[in-house]
Amino acid sequence: MKHMNWKILNSALWTELVLVYFLPFDVKNNFEYQAGFPMSFLSVYDTKIGINPFMSMHLNPIGLLIDIIIIYLLISICIIPGLKALKSVADLFARRFLNLGSSKNMKK
C-alpha cells in the first residue's frame, strides 16, 4: 500500500473549501441552507438579526472528512495518471515533430 501523498491531500482540502464557496446551497425547510460537495457538511440556519452567525451554523466534521477523502481519491486515481499520460504524449510529440532532444539536428 502506498503512503499518503500530503500534497494531494492538501489540494483536496482546498478544492473542497473552494467548491463550497462557489457551488449553490441546498435549501431545506425554508430556513436551513446546506453546503458541501459531494455530501453536505455545513448547515446554516436562517435566524433573527442580532444572533451570532456561529450559533446558527452546524459543521459536520465526518461529512467534511468523507468529502476530502472522495476528492483525494478522485485526484489520485483519475487526474494524476491522466496528467502523466498527457506529459508523455507531449514529450513524444516534441521529440517526433519538433525534433527536440535529438543531437543530430543541432549545429555546433
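FYI, it's all coordinate maths here, none of it is from the lab. The structure displayed is predicted, hence computed values, not measured ones. Note: ideal-geometry Cβ built from the backbone for every residue, glycine included; neighbour counts use all protein chains shown.
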Give me the aspartates and glutamates in straight-line cross-link reach of Lys48: C-alpha distance below 19 Å, same-chain residues under 8 apart excluded.
Glu32
For the range 1-40, convex hull volume per residue from C-alpha positions, Å³:
72
Relative contact order computed over the range 18-77 (Cα-Cα under 8 Å; 6+ residues apart), in percent:
24
Could you give me the radius of gyration and the Dmax of the chain, taking only the C-alpha atoms into account and expressing both in angstrom?
22.8, 78
Pairwise label distance in nanometres, Tyr21 with Phe37, each label 7 Å out on the Cα-Cβ vector
1.3
For Asn60, what is the net charge nearby, where nearby means another residue's Cβ is under 14 Å from its Cβ and Lys, Arg count +1, Asp, Glu -1?
-3
Rounded to the nearest 0.05, what FRET efficiency do Asp91 and Met4 have when you use their Cβ-Cβ distance and R0 = 25 Å?
0.30
Round to the nearest 10 and give me the degree value, 0 to 90, for the angle of helix 6-22's Cα axis relative to the longest principal axis of the chain.
50
Total charge of the residues flanking Tyr33 in space, meaning their Cβ is under 14 Å from its Cβ, with Lys and Arg +1 and Asp and Glu -1, is -2
